[in-house]
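Notes for the one structure printed next.
The values are calculated or read from the model by the stated rules, or taken from the named source; none is laboratory data. Everything numeric here is computed off the predicted structure, so don't read it as measured data. Note that each Cβ is placed from the backbone with ideal geometry, even for glycine, and that neighbours are counted across all protein chains shown.
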Amino acid sequence: MKPSCNYSWSLSRAPADPLAPYINCFIGLLHNQGYAQNSAHLKVRLAVDFSHWLKQKGISLHEITTAHITHYLQYRAHHQRPRSDDTYTLKQLLILLRQKGAIAAEEEPGEITPIGQLTEEFALYLRQDRGLVTVTIDHYVLFIRRFLAAHFSNDKPLQLSLLCAADIVGFVQDQAKCLHLKRAKVMTTALKSFLRYARYRGDIKIDLAAAVPTVANWSMTSIPRSISAEHVQAMLAICNRQTAMGCRDYAVLLLLARLGLRAGEIVALELEDIDWEAGFLKVSGKRGEECPLPIPVEVGEAIAAYLQEGRPHSTSRRVFLRCKAPIRGFRGSSAIGSIVRHTLERAAIDLPRKGAHQFRHGLACELLRQGASLAEIGELLRHRSPNTTAIYAKVDLVALRALALPWPGGVQ
């Protein structure tokens, strides 16, 4: 791709600089990723200034590393006001240079420590044998790495056989003091899983998993925090469906409200997951299990409108993409939570919870009010255990009223 005339001033400064031959490629990359002209202009200017600095320092093309980005931005901060995406821009440039073979790939990390080796093997076990998703594995590994670091040195072989029940109890008691109740429960679950794994490997001979204390976490102690149907309707109405972002957000909110999808499931949706002829949506659940869901007409029309009129041009197969450059799929569930939070603000709705999961609770409560059984709700929400759905019995006031005993001495 030929550079725009708007960049001619930048190119004229760098004919002999190390990065000069790749500026045109960088411009093409920014264009393909959907950056606006002004944003691309600033990024190219930064790249050319970086190239000029490299020349001044006598750094040749093949010597460039990520460390030079840090050094240059520290130098630049004394002369110009930093921008929030300066580091990201220069990392984009280095990725391009590696893809072109202009610079070597980043060196591999140093020798892995015994703790790192064991936690990697444990993570592989969780993924392949237990079928856990990446987010859960990351949580487990975090606590296990912390547990091992508390009892073993990082530069010596691990002797798990030296562990005793007192070590387990002491660690849980120490950690539980500064953890949320649910987070503490995740910690004990991770610890039990790891100790069973260590016994399976033969590293320990006794069942230390039985020594893990139980964190008090009474089930069904609270009523699910759900969003009302009126608030859902207000949020849908506030979406400006004449814009690409409003069109996307409207479709996302409908998937939350009408199908009860989890945020991560919406993020992971790909174009091939939609069977328009059969009218089904293939959803990958928490454990990677695929489940076909019927697409309501309202939801199907919203997705189709987004794909036809609002979705940016991209090679990504994700259904929902960022509206701002770089154009790509969402990185994680927090993006869906951000859509919900910003829509609540625009609709002037103040709720105790701002996340996406309240739509899932709201759908369950609304179906219950319409006469659906708990089994039917559990099937729609893809609950693996009936106990998960049972919490919604608390909001079925009509059924609960029939079970209530008359108050002694009350009105006859």
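Summary of values
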| item | result |
| --- | --- |
| Residue count for segment 197-211, restricted to those that are free of Cβ contacts under 8 Å to residues at least 24 places away in the same chain and surrounded by 16 or more Cβ atoms within 10 Å (Cβ to Cβ) | 2 |
| From the options Gly300, Gly279, Gly310, residue that is assigned by TED's automatic domain parsing to the domain that holds Arg248 and at positive phi | Gly279 |
| Single residue of Leu96, Leu163, Leu142, Leu124 found to be buried (at least 17 other Cβ atoms within 10 Å of the Cβ) and either farther than 21 Å from Leu208 by Cβ or within 29 Å of the chain's Cα centre (by Cα) (or both) | Leu96 |
| First in segment 257-269 and assigned by TED's automatic domain parsing to the domain that holds Arg318, second anywhere and assigned to a loop (DSSP other than H, G, I, E, B) and buried (at least 20 other Cβ atoms within 10 Å of the Cβ), Cβ under 7 Å, 6 or more apart | Ala263/Ala356; Ile266/Phe320; Val267/Phe330; Leu269/Val319; Leu269/Phe320 |
| Any hit, segment 49-58, residues being under 20 Å from Ile327 (Cβ atoms) and either loosely packed, with under 14 Cβ neighbours inside 10 Å or of a type in the set (Val, Ile, Thr) (or both) | no |
| All positions within segment 323-338 that are farther than 14 Å from Leu269 by Cα and of a type outside the set (Ser, Thr, Tyr) | Cys323, Lys324, Ala325, Pro326, Ile327, Gly337 |
| Residue that is surrounded by fewer than 21 Cβ atoms within 10 Å (Cβ to Cβ) and either of a type outside the set (Lys, Arg) or assigned by TED's automatic domain parsing to the domain that holds Lys282 (or both), where the choices are Gly332, Gly362 | Gly332 |
| Of all residues in segment 89-112 being of a type outside the set (A, V, I, L, M) and at pLDDT below 85, the one that is nearest to Val44 (Cα to Cα) | Glu106 |
| Among (1) in contact (Cβ under 8 Å) with a residue 12 or more places away in the chain; (2) assigned by TED's automatic domain parsing to the domain that holds Asn24; (3) farther than 30 Å from Ala149 by Cα - the single one Ala104 does not satisfy | (2) |
| Inter-residue pairs, beta-carbon under 6 Å, first closer than 19 Å to Pro352 by Cβ and in segment 228-250, second acidic (Asp, Glu) and part of a helix (DSSP H, G or I), 6+ apart | Ala229/Glu366 |
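Here's the yes/no breakdown for (1) touching a Lys or Arg at 6+ places or on another chain (Cβ under 8 Å); (2) more than 30 Å from His313 (Cα to Cα); (3) not aromatic (Phe, Trp, Tyr):
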residue: Asn38; (1), (2), (3): no, no, yes
residue: Leu42; (1), (2), (3): yes, no, yes
residue: Lys55; (1), (2), (3): no, yes, yes
residue: Ser60; (1), (2), (3): no, yes, yes
residue: Arg76; (1), (2), (3): no, yes, yes
residue: Ser84; (1), (2), (3): no, no, yes
residue: Gly131; (1), (2), (3): yes, yes, yes
